[in-house]
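Please read the structure below before turning to the comments.
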Amino acid sequence: MKNVWILCCLLAACCFTNNLNAQLEDIPEDELYKYHIQGSHSFHLGVGLPNLVATTFNAADLAGFDNDGGATPVFTLKYEYGLTPDIGAGIHFGYFTAKTPQLSDISNSVTTYLNELGLPIGELACSLLGSLCTTETTTETQAGGYDRYHVYTPGIRLAYHRRVMEQLDTYASVVGGYNVIKKKRAGSNDANLNAFGNIPTFAYFTGAGAKYYFSPKIAAYGEVGYGALTIVNFGITYRVY
């Protein structure tokens, strides 16, 4: 039974190789550079959007925080080596910086916000909120504090290239890495911002992409998929072979 499975796998591999070779034979020689090339070295410089960390850091506008938290796009540098005519593997490096919302005086902010809406808070409601509330109307805030993050993401990348569209190097890819998070506090040290520091330590992305070569060395690429930090990635490629 084991020998049968081995034979089936060998036949499938032969069929796949023959199919791939047939695809390559259909491509004019002067256009082969438009597709993945075995033995090539590709360097990709790109941007990932949206940075999903920014969504978390921007969600505190009504909770006594200044609405100035957020994150930059994820900037990426990737290298891929053409292992076979259809598989490429390499390394991935990403970087972004993020800032939590700045903590101000919650009680004053809540009171001010409700008064601006024409809904002044009363003594009874305020007594239920305790220290979170004051009935005084003021726009003064205490010195705020916030956390600044610098996130570095080393990882590995694997891509499977398949000719699906003419003139395009189409592929599926998966990236796995680890977020090295550097945090620095600015302003008040009393601010409790742990609820906003939700940056995953494991970074991943899986999706499909396409690359268009303007010349044998220069291309533009775009990827869409699912990941811990981004959904869409795009950028430029420089290739040597």
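Coordinate-derived values only; no laboratory data. Remember, predicted model here, so these are calculated numbers, not experimental data. When we count neighbours, we look across all protein chains shown, and the Cβ atoms used for this are built from the backbone with ideal geometry, even at glycine.
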When Ser215, Ser173 are ranked with the fewest other C-beta atoms within 10 Å first, the list becomes Ser215, Ser173
If we count other beta carbons within 10 Å of each Cβ, what is the order of Lys78, Lys183, fewest first? Lys183, Lys78
Among Phe205, Phe234, rank each residue by its count of other Cβ atoms within 10 Å, from fewest to most, as a rough exposure measure. Phe234, Phe205
Over 27 Å between Cα atoms: which of Lys78/Lys99; Lys99/Lys217; Lys34/Lys78; Lys183/Lys217 fall into that group? Lys99/Lys217; Lys183/Lys217
Compute the distance in nm between two label points, each set 7 Å from the Cα along the Cα-to-Cβ direction, one at Arg185 and one at Tyr152. 2.4 nm
Would you mind checking which residues have amide H under 5 Å from Ser40's amide H? H placed 1.01 Å from N; only 5 or more apart, or other chain. Gly82
May I ask you to compute the full-extension gain from Leu83 to Tyr160, defined as 0.36 nm times their residue separation minus their alpha-carbon distance, rounded to one decimal in nm? 26.7 nm
